[in-house]
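Notes follow once the structure below has been shown.
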Amino acid sequence: DEKAGLKKSINSAKTFCDSIVEGTEGGQYKEGTKATLNAAITEAEKVLLNEEATTDEINNAIKALDKAAKDAKANRISKVVK
């Protein structure tokens, strides 16, 4: 069902969020990346816990969380800028 997909997206986002190291070095992520992703995870969890959530709400939560994870990945610093 849709909630299983949402739960999978949440778990995936949490695992990724736990691996994020913020900083200014290559391979690290820009400051605020974890907070932004955690906020998206929290919103998705609200939908997951809502017994009356519609299919559209669940699908939108999955899309929003996937976008937040994609945006977080884009915040990865590829090399140190001097």
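In whole angstrom, how long is each semi-axis of the equivalent ellipsoid of the chain, when you take the square root of 5 times every eigenvalue of its Cα gyration tensor and sort them from largest down?
For the chain, the ellipsoid semi-axes come out as 29, 10, 9 Å.
Setting aside same-chain residues fewer than 8 positions from Lys67, which lysines have a Cα under 26 Å from its Cα?
Lys3, Lys7, Lys8, Lys14, Lys30, Lys34, Lys46, Lys79
To the nearest 10 degrees, how steeply does helix 33-49 sit against the main Cα axis of the chain, on a 0 to 90 scale?
That helix lies at roughly 10 degrees to the long axis.
With the radius of gyration and the Kirkwood radius both derived from the Cα set of the stretch 21-67, what is their ratio Rg to Rh?
That ratio equals 1.16.
Laboratory data are not the source of any read-out in this text; all were calculated from the coordinates shown. All values derive from a computational prediction rather than experimental measurement.
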